[in-house]
Amino acid sequence: MVKIDTGAEKVIRRLMASGADAYLVGGCVRDFLLGRRPKDWDVATSLTPDEVMDCFGELSVIPTGLKHGTVTVLAEGTPIEVTTFRRDGPYDDGRRPSSVRFVDNLKEDLARRDFTINALAYAPEEGLIDYFGGEADLKNGILRTVGNPDDRLREDGLRILRALRFSSILGFEIDTQLDASIHRNKDLLTHISAERISAELMKLLPGIRAPEILMAYADVFAVFIPEISPTVGFDQQNPHHDYDVWVHTAVSISHAPADPLVRLTLLFHDLGKPESFFIGEDGFGHFYGHEQCGADIARYRLRKLRFDNDTISTVVELVKWHDITIEPRKLLKWLNKLGEDRLRILFEVKKADGLAHKEEFREKRANEIAELEQTLERVLEEKQCYALKDLAVNGRDLIDAGAPAGPAIGNILKTLLEEVLEGRLPNERDALLAAAIPMYNPAIRRGRS
């Protein structure tokens, strides 16, 4: 017996009491069968939207999508989307139906859905309704479309990335016919909004099968990140690497935590290698400057994909520094440069990147990062100074000591912080004030009293 949200059950029973057919449909049924708690609740009914609104007079009803037969009922604090059984008209824009026609039976409504695992329905009195084999596909871990995959994908090109996302997150194999159709129809993604693509990408990357999906569908991802194409099969010709650039990228992601920001950084971290590649005098391949090149690619592509500014700046900065050697004694400077959050992400990126190198180099890289992480914890525990807010003096202290108020105060504080970070000054009030005097007193700067 599926345990239904009390609000969803109240909506279904109210609809049924009015003489209508009503069923939970789609993702919420799928998630329950998988033992997951649904995020959203969708109900399909034989009533029209006007009839649904009349049915819930005392409850809050929002006409969220009347054109497509949908209203949202707020029941027990839960928003429940209630949609009339319908058949979709043509998808003229390759994303949404230009029109819908209401129908009077559940099967016809479910037949328009994307994947069999999303074409399931449930009602308290009837149990599970499965016209298209979705339950078996759930048990067997197979992702198939309802009907011809070409038809389903051409109706809505975003279903290409939805298929890859479901496979990545659920760990499902993609049916062979759907697999071929995804490759065949990949250019449909050029008609999908950047915001939709970036949202699906960020849901896909944390999945357990993300590395496999990236390797199997590089041509699909290259539709919106073209710089991927040159990395596929690109021989690094370097003693530190077993893999070509794209396989290295996928393997590094396999070693990363299921954090979309870490994995997005790794997706871009070596895209600059083909452009920066050259054979050195030692006969090996080298990639000097690939970090900056990759950062430039990341900035351009993430902007095109309409990512938010914080995500863009974080990924760009981490790609730029992913291959830098950080000495433990310089950790305070890197804390100052990146901040604690970004530095921790950089460590995860560097760990995953290192584990995708040749085996004989992995332990050394892992030990280096482990030492840095230990140093970071010690620095934070000891509350060592690494930012202006940590200095033992502030602008008011300098003014009280005789420094003239003005923009120069900020520059003096920055200089003092630099001296502390370099270990040339202790973070102590008296020492800092004494060091600041020559910075604002011209006479002392020239050596006169």
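Per-structure values
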quantity	calculated
Space enclosed by the convex hull of the alpha-carbon atoms of the range 201-325, per residue, Å³	102
Burial ordering of Asp390, Asp310, Asp114, Asp5, fewest other beta-carbon atoms within 10 Å first	Asp310, Asp390, Asp5, Asp114
Reduced Cα scattering model of the range 33-187, Debye log10 I(q)/I(0), q = 0.13, 0.20 Å⁻¹	-0.67, -1.38
Total formal charge among the other residues, if their Cβ is under 11 angstrom from that of Ser18, Lys/Arg +1 and Asp/Glu -1	-1
Residue-averaged 222 nm ellipticity for the chain, from DSSP H runs of 4+ at -39500 (n - 2.57), nearest 500	-14500 deg cm²/dmol
Counted charge near Leu204, where neighbours are those whose Cβ lies closer than 12 Å (Asp, Glu -1; Lys, Arg +1)	+3
Helix 331-355 axis, angle to the chain major axis (alpha carbon atoms, nearest 10°)	50
Residue-wise HN-Hα coupling along the range 321-327, computed from phi with Karplus coefficients 6.51, -1.76, 1.60 (Hz; x: Gly, Pro)	10, 5, 9, 6, 8, 10, 8
With Cα atoms, 0 to 90° folded angle of helix 6-17 axis to the chain main axis	20
In order through the range 159-164: 3J(HN,Hα) via Karplus (6.51 cos²θ - 1.76 cosθ + 1.60), integer Hz, x for Gly, Pro	4, 4, 6, 4, 4, 5
Under Karplus coefficients 6.51, -1.76 and 1.60, residue-wise ³J(HN,Hα) of the range 42-52 in Hz, glycine/proline x	10, 10, 10, 9, 7, 6, 6, x, 4, 5, 5
Order of Lys203, Lys304, Lys364 under a 10 Å beta carbon neighbour criterion, fewest first	Lys364, Lys304, Lys203
Over 21 Å between alpha carbons, listed pairs Lys320/Lys350; Lys337/Lys389; Lys39/Lys203; Lys330/Lys358; Lys333/Lys358	Lys330/Lys358; Lys333/Lys358
Packing-based exposure ordering (other Cβ within 10 Å, fewest first) of Glu227, Glu125, Glu377	Glu125, Glu377, Glu227
Dimensions in Å of the range 328-449 - Rg and Dmax from alpha carbons	18.9, 63
Read-out Cα extents along the principal axes in Å, derived from the coordinates shown; its label in (i) 105, 42, 42; (ii) 97, 62, 39; (iii) 114, 53, 43	(ii)
Nearest-ten-degree value, helix 245-254 long axis tilted from longest Cα axis of the chain	80
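No value in this document is a laboratory result; all are computed from the given coordinates. Predicted model, so just to flag it, every value in this text is computed and none were measured. Heads up, the Cβs are rebuilt from the backbone with ideal geometry, glycines too, and the neighbour counts pull from every protein chain shown.
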